[in-house]
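To start, the structure under review is shown below, and the notes come after it.
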Amino acid sequence: MCIRAYLVLQTDGETSPSIISDLLGKPGIVAVDLLEGSPNLILVIQAEKRQELVGYIEQALDSVESTIKDLRFFSARENHVPILTPTAV
């Protein structure tokens, strides 16, 4: 079972494509989306174990630490409902 965390960030100025591609190259990061307004970035990070998730979060924050103005962290419960994909009708 996967554990997920959501990091919602406000970065300095415009978030560059290189920051996004760098984040997507980090282990555990399954999605990075630009948001309109403030905050301007959301990361979805997942792992099999909580300790592994903590390591992935630290790696992600290390790579954008100098550009972060604000950070919000949300952790999903271990028994969360999986993301469902729509089926064809």
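Every number in this text was worked out from the coordinates using simple rules, so none of it is lab data. Worth saying up front: this structure is predicted, and the values here are computed from it rather than measured. Please note: Cβ atoms are built from the backbone with ideal geometry, for glycine as well, and neighbour counts cover all protein chains shown.
Were the residues from Leu34 through Met1 laid out at 0.36 nm apart, the gain over their Cα-Cα distance would be 9.2 nm.
Under the rule that an exposed site lies in a DSSP loop and has at most 15 other Cβ atoms within 10 Å, name the longest stretch of the chain with no trypsin sites (Lys or Arg not before Pro) of that kind, not counting the sites themselves.
Details: sites that count: Lys49, Arg77.
In the chain, the maximal stretch lacking such sites is 1-48.
Over all pairs of different C-alpha atoms in the chain, the reciprocal of the mean inverse distance, the Kirkwood hydrodynamic radius, equals 13.7 Å. Amide H contacts of Leu35: Leu41, Ile42, each under 5 Å away and 5 or more positions distant or on a separate chain (H built 1.01 Å from N in the peptide plane; Pro and chain starts excluded).
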